[in-house]
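Notes to accompany the following structure.
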Amino acid sequence: ARRGTTNGADGGMNVAIDVTAGERERGSLEPLLMNPVSTRSIVLGKWGVAATCSAAVVVLTLAGFSVAMQFVRSENLAALMQFGAPEVLLFLLLLLPFSAMVAALNMLAATYGRSHKEAQTYASYITMVVNFVPILPLFLTIRDAPWQLLVPALGQQTVLMRALRGEAVGLADLIVPSSIALTLTATALVLQAR
């Protein structure tokens, strides 16, 4: 489950950097902004590319994991986790909005970079946070607290782990983390358009 959130974070990072700081460094951003197209449309188009790449990595990771699970027939593993079609669908419902959010945040962070390398540094901070947040409960010995659904990456991790353990996942478990991810996506895109 943690690998899924990590792949959602890393999947579109290079694209997000290239369509922002990369274009600035190459000098192709200014001519693009001179066209009679709104800045919002340009940002949405660039985010669409970054989010699509990020979503593709999520889908490919889940597909690869599903195929790998077909070759591993262990009673011990089956007792520890369930991963069938319902879990794949649940993972997609949680990770696609998350990957869209990370693409938008990476673009926003990369916008502040004057060069590709500087933007890569800023975007890597987001990846670092996404990798660290899901393991935070291990240090706090907290498991499945309701507030965890409100924290991006941690909310997704909490719900995905419940699903893998075969526990019930309610509608709120899907809606809360996904709506927070989509709200942060919209906020990052608005900030970037400004």
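The values are calculated or read from the model by the stated rules, or taken from the named source; none is laboratory data. Keep in mind that this is a model prediction, so the values were computed, not measured. When the accessible area is computed, the model is the full protein with side chains, heavy atoms only, and any ligands, DNA or RNA have been set aside. Shrake-Rupley method; radii C 1.70, N 1.55, O 1.52, S 1.80 Å.
Taking θ as phi - 60° and the Karplus parameters 6.51, -1.76 and 1.60, the scalar couplings of the range 131-140 work out to 6, 7, 4, x, 8, 4, x, 5, 6, 9 Hz in sequence order, x denoting glycine and proline. Using only Cα coordinates, the Kirkwood hydrodynamic radius of the chain works out to 17.5 Å. Normalising the average separation of contacting C-alpha pairs (under 8 angstrom, six or more residues apart) by the number of residues puts the relative contact order of the range 130-194 at 27 percent.
Computed per residue of the chain from DSSP H runs no shorter than four, each worth -39500 (n - 2.57), the mean residue ellipticity at 222 nm is -24000 deg cm²/dmol. Normalised by 2.2 N^0.38 Å, where N is the number of residues, the C-alpha radius of gyration of the range 93-194 stands at 1.17. For the chain, the relative contact order works out to 34 percent when only alpha carbon pairs closer than 8 Å and six or more residues apart are counted. Using the 1.4 Å probe convention, the accessible area of the range 132-194 works out to 53 Å² per residue with neighbouring protein chains retained.
Counting protein heavy atoms only, the chain has 68 percent of its accessible area on carbon and sulfur, 1.4 angstrom probe.
Here the Karplus relation 6.51 cos²θ - 1.76 cosθ + 1.60, evaluated at θ = phi - 60°, turns the backbone of the range 56-64 into coupling constants of 4, 5, 4, 5, 5, 5, 5, 5, x Hz, with x for every Gly and Pro. Computed 3J(HN,Hα) for the range 35-43, one whole-Hz value per residue from the Karplus formula 6.51 cos²θ - 1.76 cosθ + 1.60 where θ = phi - 60°, is 5, x, 10, 5, 4, 4, 5, 5, 4, glycine and proline marked x.
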